[in-house]
Every structure is written in structure tokens, then in C-alpha cells.
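Structure record follows, encoded as C-alpha cells.
The values are calculated or read from the model by the stated rules, or taken from the named source; none is laboratory data. The shown structure was predicted, so the numbers you read here are calculated from the model rather than taken from an experiment. FYI the Cβ positions are ideal-geometry reconstructions off the backbone, even for glycines, and counts take in every protein chain you see. Note: areas computed on protein heavy atoms with side chains; ligands, DNA, RNA excluded. Shrake-Rupley method; radii C 1.70, N 1.55, O 1.52, S 1.80 Å.
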Amino acid sequence: MIKTDRTDETDPAQLREEASLTVNEPFRGRQFAANKKLTVEERTLLESTLAEEESLLFAVVGDLNIRNHYARSVLVVTEKGLYGLDASFENGVRTQSFDGLKRAFVKRCYGNALLIFTDDADNRTNFLRFSYKEAPVFDAAATFINRVASGNDREEELRTIESSFEKQFRVCPKCGRTLIRPGAPCMNCQSKDKVIGKLGRYILPYKGILAICLLLAVVTTAVSLVPPYMTKVLVDSVLPNGDKNGLLQCVIVLLVAHLIHYGVGAVRSHFMRVTGDRIMTDIRNDVYEKAQKLQMRFYDRTSTGSVINRISGDSQTINAFMMRVTQEVVVQLFLLMGIIVIMFAMNWQMTLLALVPVPFVVMGSRIFGKKVRPYYRRSWRYWSAVTSIMTDTIPGIRVIKAFARENRSVDKFKKANNFWLQTDIKVSRIVTLFPNVVGFAVTCGSLLIWSVGGNWVIEKPEFISAGLLVSFISYASMFYGPVNFFANLNDSYQNFLNAAERLMDIIDAEPENDFSGGKHPEKLHGKIEFRNVNFSFDRAKKTLTNVNFVIEPGDIVGIVGTTGAGKSTIINLLMRYYDQYDGEILVDDINIRDIDMTFYRSELGYVQQEPMMFHETIYQNIAYGCENATVEDVIHAADVANAHSFIARLPDGYDTVLGERGVGLSGGERQRLSIARAVLKNPSILLFDEATASVDSETEHQIQEAIEQMIQGRTTLMIAHRLSTLRKANKIIVVDKGKILEMGTPEELMEKKGKYYKLIQIQTMSAEIQKTKEEERL
Amino acid sequence: MERIYIDGHMAKFTRKDITTVDVQLQDGTIFQNVEPRCLFPSSDGRNFITLLDENGIEQAVIRSLDTLPAEQREIIEGCLAEYYLIPRITKILNTTEKFGLITLDTETDRGPARIEIRNLLYGFKQVGNRLLLRDGNDNRYEVPDLTKLDAKSRHLLDNFI
């Protein structure tokens, strides 16, 4: 049985048990898989609807009724047919037998999806409705229904659907977050203490130096308690008695105290600063490293500005808070306790007076904390928007200038910056008001001591001396320092929590699976197989549907299709940029999810339409990822890529430092460097994604030559709009709307006279028209 | 090919299925089994409604639903209501938050809904007084006018927007 309440300390065995499909009691003696538990009413309805001896294979529980309102809907699959339970149906149930069922599919609408059946006459039945949340399980159910309807083995298909269901158990039942592996503890549901503990590990390597700093802090704090006491001695004993010797001794004691206080304080400040910087560097390094290994899905949804902001700003906030907690909290607590002990020893009645404002300060702190957090968060959001505009527009300055949008860009920036300013002013109002209110409260406390204590000095000098009162006032003002500190600590804590939450979003985000692990064959030969691959970037639209193909080692395969057909997605999945697809992708008969990621990617050469160059030399750009390459290797790679000749003509040759993203080179030149980079890698599999799409005919010819030199003996997948660039391909895959439409040799597809034939016809026609026009012009 | 814009009485729609219609234009052109879709589903659901055929190819565009005769408009509105599910939040009952997972228990015009938002920046988008929400499963929700929410709901939402 799946339990919804879970503690952080759940036993792994219990987790495994929970991650089973048997969420329901057996139905008519047979165990069945289901994504959720059926209600008693649903089971009763099934008992009365199903024929005798008819048992359940599996059930899928949805969350919308057919009228698009939130309600339960259930798809029940038995050996004989399909049942849809929905309270808005007549009698609450509708049925569909396998006989006469032509096709089952899930139609994704907007925010909801429908399970639709068609019969032999192509009549459609909108069977059940559900939200995107449940769509993946209904997808699996539709696949099962189609296969069973077309005569596949039911038990084998049942295992497939069970594996789809199992994926559902990869999510935390409490918060819905996808787990790294089934049954893994959910990072989201961990307690705050664990988060602090997790970030606290950055402090551990510096515990020695921090302990020294703490010791030094205790020394300075202890020394800071001396001057008020000396004031009492001076006022009560030394000055009234004219004791010059005592006066000198007091001054020397004060001098030594101040010397220790400031001298030790300076040493401590230096240690603290260095340690703080080191901790911050560690946090930034870790977050940056993690950011490099995050799934592409994370970057699809998170702006670059926001990631940069987290690495720079949030790590600073966290470091500052951790230093406060490990150092100041202890120091201030020590100070607070020391002062209270001294004050009680001096006069307990006046000490109680001094404590009067404390409850107000503590209460105010709690109210303040709740009030300020949303403002901090808002301020951060607006600041992220500002940095996003910068990361968008500064690299895109050429486009901005080309369209004369400088002023618009400035207006947009000013608007976002102004939003941030307005929010920060509100933060400032609260943040500055609170300490002053606290300050006023503690001042009132001092006034109380002055008025009551002063009266006692005047009326009962035997009870309290003037020196004691002055000294007490000094201690009292010192006492409010820690009180103030702890009251304001909540502000830093709230700020820290917000920053930690954002940083944990990166630290705890799922990295690419098995970044360091998995199978490590000696070499990949380049056989590629897609088996029933389904994929969607978000749940709104399926990008690939049931993709199946096999590519043999050494094949040169052209992938063609219209824009948005899913060509690049096939490459993206093969590159393992996205791992959350259904089905299997195998290379050399090994599931690519099981191959060591670093090794796997080192065996792939990827040339994309917009080559990415770094702000480094041409040499470093070509040798990117091949640190051990010799100069001859790099030159050879550049030669193969038809790049060496233009590099040689550059004044700085291979030492030419490229501008950001390769500024300073033409598109064709950047592309040839990108090919050289791939050549140097000597990969088993080559992937070209529209490598010549954005260059002129002459450059295309040069690049094409380079590609043809490079692909010999390697499995090659080439996406191309210009079909002429696929002349070396021995196999063509035609993709349309995420499905494989045609596949075969170019000759076979031409004979078939399908989509490929049409594309060739269109392109030949347009090429002829262009040729005629050029001839006319000549 | 020039885009066909449909205004006023120039087309007759016949409901085909829950999300599709047949269209007959005044000049006799017929488009069968086309699906009305909003070109601006988030910002303007009443203007620029594209009509896509089974292959996803646009056949015509309804410039504005408000220019259509009432019975024709209702047919298209019916299709859009079936296709688009953007529940309107009428009340926020409770909110919880733990490490970026924001859970909102709400009442909507489609019944009570628990909305789980995993990314604060991605999940809430405010355009003027309108708030658009997108949950971790890409389901969409909206608060059409924040000023019309009750004080408690506003207060609960203020933590996130």
C-alpha cells in the first residue's frame, strides 16, 4: 500500500515496498497495477459492471471528468475490454470492447488531454479526459490497447505498462518531485535543519581556523566587559578618594583592555575575511560545477541571468549568514550571558528593569520576519529580471543596433530596474524601520533604568552608588547590543532561507544521470537503434511519437523533414541532453543510459547550425575537449575542416583570440572551426544539425568537402534542409510531426514517391527556377 | 497563399466533434474538420482564432469572436472551451512552501484544485492585474483580476508575486 505520509527517516525497505504497483487490494483474486488507489464506490461499480470471471489487468486514475471539471475518472482495462468510469457519464460508466477498436490515442489539448478511440469506420469516441499530470500513464495505456488490439502478447505488453507505471513511482508521493532513482529520499521534503546541515558542510574544512576566530572573539568580548566595571571603580572608589595611584592603575588596565580588544580584533577580522572568502569560493565552485552538469531541461526553464545571480549573489548571502551563525551568534550569546550574570551580580532589581523591552523586541522580530520575506523575494525576482535583460541584450547588441532598438532596449532596462528600485525601497522601509523601532525600545529601557536607578541613587545611596548606576547603564547598553543582534538575526535568516532555496534549486536539481559511472566499452562501433521512443519537452505537445529505426555502423543517414518535425530532437536525445523519454535508445546494442556519460559523449562529434565559440584563441577553440592534442593534430584537424588556409592568413594565426561567441569570424569560418573541433575528437558517431544552413553556396561547398572527408568510416547522422547536401547518404529518414514517415535508401524512397520524393521534386524545381533566373539575368 | 480572415457573417460553422468544426465560406469554400485554436491563448482568447486542419495547417483565421453572429460564435466558443483548460482561480484556501515547491489549495471555476508550482519564477506571471500560473506538469491556471480576489486570497498570493 502506498502511504502518503512519510518521514525523512523512512526505511529503504519500506520505500521499496511503497514503490510497488500493488496500491490496490486484488480484484476478484487478481493483483492489478494502478497509478492510484480505487475508491470503494469505483470497485463496487466495477463489480456490478464487469462480467463474471472478468478480472482487471490495470487501471489508470485521471483527474478530470469529460466536461473538463476536476473530478476522478478511471480507465479500467480487462482481458475483454475497456471501461471508463466518470460520474458525469450515464450510470457512471462507459465501455469499449477490443473488437472493432482500430486505434487508441491521447490527444493533448491545452491543460488537458483526451483518450480517444477510433473504430473501423473512423468514428471517434472521446473516452476520458485528464490533465497533463496523468497524461504519461494514459499514453502508456493507449500504447497497450493498440498493441493488444493488434494481436500482441497481452502479458508482455502488461510488463511494458508496468514499467511506465513504475516511472510514476519515481516521483515523491509527498511533493511530486522526480526522484534521482525509485525510492530515493526526496530533497524537497527534507527538513530545514538538513538544508542548513547541507550548506554547513562548506564550513567543516575551516573548522580549525573558525574555532581560533571564535576563541579570539571570546577574548575580545571578555575584555570588552572590563571598561564598564573600571568606570564603577573610578566613579565610586578612585575619584572620590583622590587615589592617583589607583587612577593610574585603572588607566593602565583600560589601555591593556583596549589594546587586546583592538589588536586581537584586527587579527580575527583578517582570519574571518580570508575564511569567508574561501567558503564563498567553495560554494561558487560547487554551484558552478553542478550548473555544468544539470539537465538541459533545467536551462530550458531557467533564465541565464537567474543562474548567474545565484552563483554570484546568493552564495555571498549564504556565506555571510553562515559566518554570522558560526561566529557572531556564539560571541553575542557569550556577551549576552556574561552581561546578564554581571548585571544580576550588581543589582538584580535593575536587571529585571533592563529586561522589560526584551519581549517586545522578540515579538517584533517574528512579525518583521514574516513581513520582510516576500519583499526580499520580490526584490530578487526583479533583480533577476534586470540581469536577464542584460544577459539577453548585451550579447545581442549587434541585432539591437541593426534594428536601431537601442532606445527601446534602454527603456526596457530602465523599466525593469525601476521595478526593482520600487520593491527595494519597500524592503528598505521595513528593514530600516525595524532596527530603529528596536533601538527606540531599548533606549526606553535605558531611560527606565536612569529614572528608577537615579531615584535610588538620590533617595537610597546606601542601596546603589552613582558609580554602580553609571556602570550598570554601560552594561545595559551593551546588553541591548546582543538583543538587537538576535532580533535582527531573523532578517538575515529570512534572507538566507531565500538564497538557500534558490541555491538548493541548483544543488538539488537532478544532474544528468550517471555522469560518472556506467558501462565503458573500449570503442563504439556506431550501431544506433531507437526503440519505441516517445518524448515531449513539456507535457503540452509530444515531440517524438513511437520512433523506431536502426542505423548500422558506418551508415550515412540523412534526416529530413519540415521545421519542427522533430529532427533535432532525435539528435538531442542521442546526445543524451534529455533522458526523460519513453522507450530505449541503444548504441552498439547497449542502452545509452547505461553507458558512462563522459565516455559516451567523447565518442560523439556534434556540429550544430550555430557553432558556439569561446572567448579564447582559435587553437584553444579547436582543441576544446582534447587537451592532449598535439599542434600537428590541431593543424591536421583544421586542414580536414578546410579551416587551415583561412587561419594561416590571419595575422595572429592560431593565436587569434576570438571575441565572445566567435566574433571576428564569418559564419562559415566559425562553422569550419566547429568541424575541426569535431574532427580532432575522432568520434565514432558524427551528428550534423543543419551544418551548412546559414552559409553561402561557396562556403557550403567548402564545408561539404570537409564533411565528406570527415565522415568516412563513421556512422553519420545529418540533418539537412537542402537535400543536395545529403548526396553521400545511404539511408534517409523522413520525419514528420514527431513520427518516422519513411525510411530507406534514397533510391527506395524515390521509387516509393512519398514525402521524400515530393521534397526532392520541390527542391529540384526551385533549383531549376533559380538557375533559369540566374541565366536570364546573365 | 493569402491568409483568409473571417469576419462577421462570411462563414458558417458546423460542429463536427468536441473540438472541431466544418466551415463553409460565403464563396463556397469548405474546410472540413478544422480545429479552432487561439493564437494568443494567454493574452487574448477572443481575437485571432486560427482554424487548423487535421495536418495542423492553417486554413483561415477568425479575426474576432465578437464580430461573429451569436450562434456561430457559440459554436467556436464551445470548441475552445473543450480544447482549453485554464481554470479561473476564485479563492486561495491555503498555501504551503518548502524549498521551492509551492502548493496552493484553491477553488476554481472547474472545482477545487491543488496547484503545485516547482519554480517560482516560471510558475507565476503577472500581467497587470492578471495572474497566470503554470504548475510542474504544465497545466495552466489564471486569476483574471487580482483586485477581485478576497483579502485572504490576495494576502496568501502576495507571498509569491
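Out of A:E627, A:E584, which single residue is within 30 Å of A:S163 (Cβ to Cβ) and free of Cβ contacts under 8 Å to residues at least 60 places away in the same chain?
Working: A:E627 fails: within 30 Å of A:S163 (Cβ to Cβ).
The unique qualifying residue is A:E584.
Please find, among A:F485, A:F515, the residue that is at pLDDT below 80 and loosely packed, with under 15 Cβ neighbours inside 10 Å.
That would be A:F515, the only listed residue that is at pLDDT below 80 and loosely packed, with under 15 Cβ neighbours inside 10 Å.
Right, A:A71: under 37 Å from the mean Cα position of the chain (by Cα), within 14 Å of chain B (Cβ to nearest Cβ) and either closer than 28 Å to B:P112 by Cα or open to solvent by less than 50 Å² (accessible area, probe 1.4 Å) (or both) or not?
On the way: under 37 Å from the mean Cα position of the chain (by Cα): yes; within 14 Å of chain B (Cβ to nearest Cβ): yes; either closer than 28 Å to B:P112 by Cα or open to solvent by less than 50 Å² (accessible area, probe 1.4 Å) (or both): yes.
It is true that A:A71 is under 37 Å from the mean Cα position of the chain (by Cα), within 14 Å of chain B (Cβ to nearest Cβ) and either closer than 28 Å to B:P112 by Cα or open to solvent by less than 50 Å² (accessible area, probe 1.4 Å) (or both).
If you take the residues in segment B:150-160 that are farther than 23 Å from A:S131 by Cβ and more than 7 Å from chain A (Cβ to nearest Cβ), which one is surrounded by the most Cβ atoms within 10 Å (Cβ to Cβ)?
Residue satisfying both the conditions and the ranking: B:R154.
Of all residues in segment A:722-742 being at pLDDT below 80 and open to solvent by less than 40 Å² (accessible area, probe 1.4 Å), which is farthest from the other protein chains (Cβ to nearest Cβ)?
The selected residue is A:T725.
Those residues that are within 20 Å of A:F144 (Cα to Cα) and away from chain B (no Cβ under 14 Å), I need them from segment A:51-68; list them, please.
Of everything in segment A:51-68, those that are within 20 Å of A:F144 (Cα to Cα) and away from chain B (no Cβ under 14 Å) turn out to be A:E54, A:S55, A:L56, A:L57, A:F58, A:A59, A:V60, A:V61.
Conditions: (1) farther than 20 Å from A:V356 by Cα; (2) open to solvent by 40 Å² or more (accessible area, probe 1.4 Å). A:I430 meets all but one. Number of the miss?
Going through the list (1) farther than 20 Å from A:V356 by Cα; (2) open to solvent by 40 Å² or more (accessible area, probe 1.4 Å), A:I430 breaks only (2).
A quick yes/no check of all residues on (1) crowded, with 18+ Cβ neighbours inside 10 Å; (2) at pLDDT below 90:
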residue: A:C189; (1), (2): yes, yes
residue: A:L210; (1), (2): yes, yes
residue: A:A217; (1), (2): yes, yes
residue: A:D243; (1), (2): no, yes
residue: A:I252; (1), (2): no, no
residue: A:A257; (1), (2): yes, no
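Within segment B:38-47, can one find any residue that is more than 25 Å from B:D145 (Cβ to Cβ) and surrounded by 15 or more Cβ atoms within 10 Å (Cβ to Cβ)?
Applying the first criterion (more than 25 Å from B:D145 (Cβ to Cβ)) to segment B:38-47 yields none.
Within segment B:38-47 (the criterion being more than 25 Å from B:D145 (Cβ to Cβ) and surrounded by 15 or more Cβ atoms within 10 Å (Cβ to Cβ)), the answer is no, since none of the residues qualifies.
Kindly indicate which of A:L38, A:L114, A:L46 is part of a strand (DSSP E or B), open to solvent by less than 50 Å² (accessible area, probe 1.4 Å) and touching a Leu at 6+ places or on another chain (Cβ under 9 Å).
That would be A:L114, the only listed residue that is part of a strand (DSSP E or B), open to solvent by less than 50 Å² (accessible area, probe 1.4 Å) and touching a Leu at 6+ places or on another chain (Cβ under 9 Å).
Identify the single condition in (1) basic (K, R); (2) within 12 Å of chain A (Cβ to nearest Cβ); (3) more than 30 Å from A:E501 (Cα to Cα) that B:R73 does not satisfy, given that it satisfies every other one.
Unmet condition: (2).
Which residues, taken from segment A:456-476, are at pLDDT 85 or above and open to solvent by 80 Å² or more (accessible area, probe 1.4 Å)?
A:I458, A:E459 - these are the residues of segment A:456-476 that are at pLDDT 85 or above and open to solvent by 80 Å² or more (accessible area, probe 1.4 Å).
Checking the structure you have, find out if any residue of segment A:259-276 is more than 30 Å from A:V442 (Cβ to Cβ), open to solvent by less than 40 Å² (accessible area, probe 1.4 Å) and not in a helix (DSSP H, G or I).
For segment A:259-276, residues more than 30 Å from A:V442 (Cβ to Cβ), open to solvent by less than 40 Å² (accessible area, probe 1.4 Å) and not in a helix (DSSP H, G or I): absent.
Which of the residues belonging to segment B:47-70 are in a strand (DSSP E or B), out of contact with any Leu (no Cβ under 8 Å at 6 or more places or on another chain) and away from chain A (no Cβ under 14 Å)?
B:L51, B:R63, B:S64
Looking at B:L85, B:L80, B:L104, B:L65 in this structure, which one is within 20 Å of B:R130 (Cβ to Cβ), open to solvent by less than 30 Å² (accessible area, probe 1.4 Å), at pLDDT 90 or above and in contact with a helix residue (DSSP H, G or I) (Cβ under 6 Å, 6 or more places away or on another chain)?
Details: B:L85 fails: in contact with a helix residue (DSSP H, G or I) (Cβ under 6 Å, 6 or more places away or on another chain); B:L80 fails: in contact with a helix residue (DSSP H, G or I) (Cβ under 6 Å, 6 or more places away or on another chain); B:L104 fails: in contact with a helix residue (DSSP H, G or I) (Cβ under 6 Å, 6 or more places away or on another chain).
Exactly one residue qualifies, and that residue is B:L65.
Answer yes or no: is there a residue in segment A:130-138 that is within 13 Å of chain B (Cβ to nearest Cβ) and assigned to a strand (DSSP E or B).
Yes, some residue in segment A:130-138 is within 13 Å of chain B (Cβ to nearest Cβ) and assigned to a strand (DSSP E or B).
Please specify each residue of segment A:74-103 satisfying the condition of being within 14 Å of chain B (Cβ to nearest Cβ) and among the acidic types (D, E).
Result: A:D86, single match.
Can you name the helices (runs of 4 or more DSSP H) wholly within segment A:344-454 that have at least 3 residues being touching a residue at least 60 places away in the same chain (Cβ under 8 Å), assigned by TED's automatic domain parsing to the domain that holds A:A499 and aliphatic (A, V, I, L, M)? Quick ask: steps written out before the conclusion?
Values: elements: A:348-355, A:358-393, A:397-402.
Where helices (runs of 4 or more DSSP H) fall fully within segment A:344-454 and carry at least 3 residues being touching a residue at least 60 places away in the same chain (Cβ under 8 Å), assigned by TED's automatic domain parsing to the domain that holds A:A499 and aliphatic (A, V, I, L, M), they are A:348-355, A:358-393.
Tally up the residues in segment A:346-389 that are under 21 Å from the mean Cα position of the chain (by Cα) and among the hydrophobic types (A, V, I, L, M, F, W, C), please.
Number of matching residues: 5.
Among the numbered criteria (1) within 14 Å of chain A (Cβ to nearest Cβ); (2) in a strand (DSSP E or B); (3) open to solvent by less than 60 Å² (accessible area, probe 1.4 Å); (4) of a type outside the set (A, V, I, L, M), which single criterion is violated by B:F31?
(1) is the only condition that B:F31 fails.
Every residue in segment B:111-139 that is at pLDDT 90 or above, crowded, with 17+ Cβ neighbours inside 10 Å and either facing chain A (nearest Cβ under 10 Å) or part of a loop (DSSP other than H, G, I, E, B) (or both), please.
B:A113, the sole residue that qualifies.
Looking at the structure I just gave you, is B:K91 closer than 27 Å to B:K125 by Cβ and open to solvent by 70 Å² or more (accessible area, probe 1.4 Å)?
Numbers: closer than 27 Å to B:K125 by Cβ: yes; open to solvent by 70 Å² or more (accessible area, probe 1.4 Å): yes.
So B:K91 passes the test.
Could you say which residue among A:Q702, A:Q712 is out of contact with any His (no Cβ under 6 Å at 6 or more places or on another chain), assigned to a loop (DSSP other than H, G, I, E, B) and open to solvent by 10 Å² or more (accessible area, probe 1.4 Å)?
Of A:Q702, A:Q712, the one residue that is out of contact with any His (no Cβ under 6 Å at 6 or more places or on another chain), assigned to a loop (DSSP other than H, G, I, E, B) and open to solvent by 10 Å² or more (accessible area, probe 1.4 Å) is A:Q712.
Looking at segment A:51-91 only, could you name the residues that are outside any strand (DSSP E or B), at pLDDT 90 or above and either of a type in the set (A, V, I, L, M) or on the phi > 0 side of the Ramachandran plot (or both)?
Listed by number, the residues that qualify are A:I66, A:N68, A:A87.
Starting from residues that are of a type in the set (A, V, I, L, M) and under 24 Å from the mean Cα position of the chain (by Cα), keep the ones in segment A:545-596 and report whichever is surrounded by the fewest Cβ atoms within 10 Å (Cβ to Cβ).
Going through the qualifying residues, I end up with A:M575.
Listed residues A:V106, A:V148; which is in contact with an Asp or Glu (Cβ under 7 Å, 6 or more places away or on another chain), within 17 Å of B:N137 (Cβ to Cβ) and either more than 12 Å from every other protein chain (Cβ to nearest Cβ) or open to solvent by 50 Å² or more (accessible area, probe 1.4 Å) (or both)?
One residue alone meets the criteria, A:V106.
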